[in-house]
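Asker: Structure provided below as structure tokens; questions to follow.
The values are calculated or read from the model by the stated rules, or taken from the named source; none is laboratory data. Treat the numbers as computed from the prediction; the structure is a model and nothing was measured. Cβ atoms come from the backbone with ideal geometry, glycine included; neighbour counts cover every protein chain shown. Areas reflect the complete protein model, heavy atoms only, side chains present, ligands, DNA and RNA absent. Shrake-Rupley method; radii C 1.70, N 1.55, O 1.52, S 1.80 Å.
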Amino acid sequence: MNQIQDSSSSRSSAKFRENLTVTLGAHNIHKQEDCQQTFVVQSYHPHPDDKECPRANDILLLKLKGKASLNKYVNVIRLPKANRDVTPRSQCSVAGWGHIDHGKTTDKLFETDVTIWPAKECRSLNPGKTNHIICAGSKHWVKDCSQ
């Protein structure tokens with residue numbers, strides 16, 4: 001899993017900072033682990049239609065100084081082709097260190113499989129959100145994500 005290291009945690013400030021590093025293969029973000037690979041970010045490229053309000057196309061393409069070694073902790077992921085939506089009701093793997101329960105955060109990486117919701121259901125649950133949001137989760141709200 002990737003972690004962008006920077007003294008600031010805000011999304012927009014990361015786009016204007018220099019000396020960014022990326023840690024690949026991390027499981028616990030507060031411990032040094034043998035499986036981690038750290039690289040300096042050589043350059044970064046935001047999506048040309050990135051918007052903060054409403055949030056849309058919030059993604060950066062990072063070019064690293066050096067080459068990552070693929071292994072059981074570091075691997076590539078497939079992304080949809082340009083101008084293609086993720087197929088509704090398909091399975092998707094999500095991972096992160098974010099909020100896990102009532103605003104609590106975790107140091108350890110959590111990963112789960114979720115189902116992509118149809119766009120109409122997503123918009124009905126997120127009124128006022130952009131059409132470019134992807135919603136995923138379980139039928140019983142045990143696990144979810146949106147971006």
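Asker: Return the only residue of 44, 73 being of a type in the set (Ser, Thr, Tyr), in contact with a strand residue (DSSP E or B) (Cβ under 9 Å, 6 or more places away or on another chain) and either under 16 Å from residue 134 (Cα atoms) or outside any strand (DSSP E or B) (or both).
Answerer: On the way: 44 fails: either under 16 Å from residue 134 (Cα atoms) or outside any strand (DSSP E or B) (or both).
None of the other options fit; the residue is 73.
Asker: Report, ordered by the first and then the second residue, all pairs with beta carbons closer than 6 Å, sequence separation of six or more or different chains, a first member in segment 55-78 that is within 19 Å of residue 96 (Cα to Cα) and touching a residue at least 40 places away in the same chain (Cβ under 8 Å), and a second member that is aliphatic (A, V, I, L, M) and surrounded by 15 or more Cβ atoms within 10 Å (Cβ to Cβ).
Answerer: Once the first residue is within 19 Å of residue 96 (Cα to Cα) and touching a residue at least 40 places away in the same chain (Cβ under 8 Å) and sits in segment 55-78, its partners that are aliphatic (A, V, I, L, M) and surrounded by 15 or more Cβ atoms within 10 Å (Cβ to Cβ) give 62/41; 74/24; 74/68.
Asker: Further, regarding this structure: So the check is Cβ under 9 Å with 6+ separation or different chains; which pairs have a first residue in segment 94-112 that's without any contact (Cβ under 8 Å) to a residue 24 or more places away in the chain and a second one that's hydroxyl-bearing (Ser, Thr, Tyr) and surrounded by 13 or more Cβ atoms within 10 Å (Cβ to Cβ)?
Answerer: Cβ pairs passing all conditions: 98/106; 99/106; 100/106.
Asker: While we're on this one: Residues being at pLDDT below 90 and within 22 Å of residue 107 (Cα to Cα): count how many of those fall in segment 29-58. Break it down stepwise before answering.
Answerer: Quick first cut of segment 29-58, residues at pLDDT below 90 only: 29-30, 44-58.
Restricting the remaining residues to those that are within 22 Å of residue 107 (Cα to Cα) gives 29-30.
The qualifying residues number 2.
Asker: Do the conditions hold for residue 87, that is, is it open to solvent by less than 60 Å² (accessible area, probe 1.4 Å), touching a residue at least 24 places away in the same chain (Cβ under 8 Å) and of a type in the set (S, T, N, Q)? Step through it out loud before you land on a result.
Answerer: Numbers: open to solvent by less than 60 Å² (accessible area, probe 1.4 Å): no; touching a residue at least 24 places away in the same chain (Cβ under 8 Å): yes; of a type in the set (S, T, N, Q): yes.
So residue 87 fails the test.
Asker: How many residues are part of a loop (DSSP other than H, G, I, E, B) and open to solvent by 50 Å² or more (accessible area, probe 1.4 Å) when one looks only at segment 30-41?
Answerer: In the first step, residues of segment 30-41 are kept if they are part of a loop (DSSP other than H, G, I, E, B); the result is 30-36.
Narrowing the set further to residues that are open to solvent by 50 Å² or more (accessible area, probe 1.4 Å) leaves 30-32, 34.
Of the residues in that region, 4 qualify.
Asker: If the requirement is being within 24 Å of residue 109 (Cα to Cα), open to solvent by 60 Å² or more (accessible area, probe 1.4 Å), within 18 Å of the chain's Cα centre (by Cα) and not hydroxyl-bearing (Ser, Thr, Tyr), which of these qualifies: 61, 70?
Answerer: Details: 70 fails: within 18 Å of the chain's Cα centre (by Cα).
So the residue among 61, 70 that is within 24 Å of residue 109 (Cα to Cα), open to solvent by 60 Å² or more (accessible area, probe 1.4 Å), within 18 Å of the chain's Cα centre (by Cα) and not hydroxyl-bearing (Ser, Thr, Tyr) is 61.
Asker: Within segment 90-123, how many residues turn out to be hydroxyl-bearing (Ser, Thr, Tyr), farther than 30 Å from residue 31 by Cβ and open to solvent by 80 Å² or more (accessible area, probe 1.4 Å)? Steps first, please.
Answerer: Narrowing segment 90-123 to residues hydroxyl-bearing (Ser, Thr, Tyr): 90, 93, 105-106, 112, 115.
Applying the additional criterion that residues be farther than 30 Å from residue 31 by Cβ yields 90, 115.
Narrowing further to those that are open to solvent by 80 Å² or more (accessible area, probe 1.4 Å): none.
The number of residues fulfilling the criteria is 0.
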